[in-house]
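A short worksheet on the structure shown next.
We did not get these values from a lab; they are worked out from the coordinates using the rules stated. Please read all numbers here as calculations on a predicted model, not as lab measurements. Heads up, the Cβs are rebuilt from the backbone with ideal geometry, glycines too, and the neighbour counts pull from every protein chain shown.
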Amino acid sequence: MVAAALDHIGRRPRAFVLDLTRVPLADGAAAHALQGFIERERRHGLRVTICGASRDVRRTLVAHGVNSRVVHFNHDEDDAREYVAVCKQSP
């Protein structure tokens, strides 16, 4: 659904920020779904950053393959915005 929406925008963004601040928990199914989204977007050259993930949510994501090799983790939205700004400057 998100990919379809991005296709309608036209030019793809260089980065996508997922704010998990209000996500209290994640399980393996959620991590695998997120991993599929991230891998699909990375094939299109899009960088994905996750901000605001709690320690438990991040631990679950990492345990299921959503780690720093496939996604950039930021502490909060401000850090994520800085990361996106850098992404916009790089080819």
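Mean projected area of the Cα convex hull of the range 19-82, taken over all directions, amounts to 4.0 nm². Annotation: amide H of L18 within the under-5 Å range of T49, I50, C51, sequence separation 5 or more or interchain, hydrogens built in the peptide plane.
For V70, neighbours were defined as the other residues whose beta-carbon sits under 9 Å from its Cβ, and their charges (Lys and Arg +1, Asp and Glu -1) total +1.
The slack in the chain from S54 to R14, taken as 0.36 nm per residue of separation less the alpha-carbon distance, amounts to 11.9 nm.
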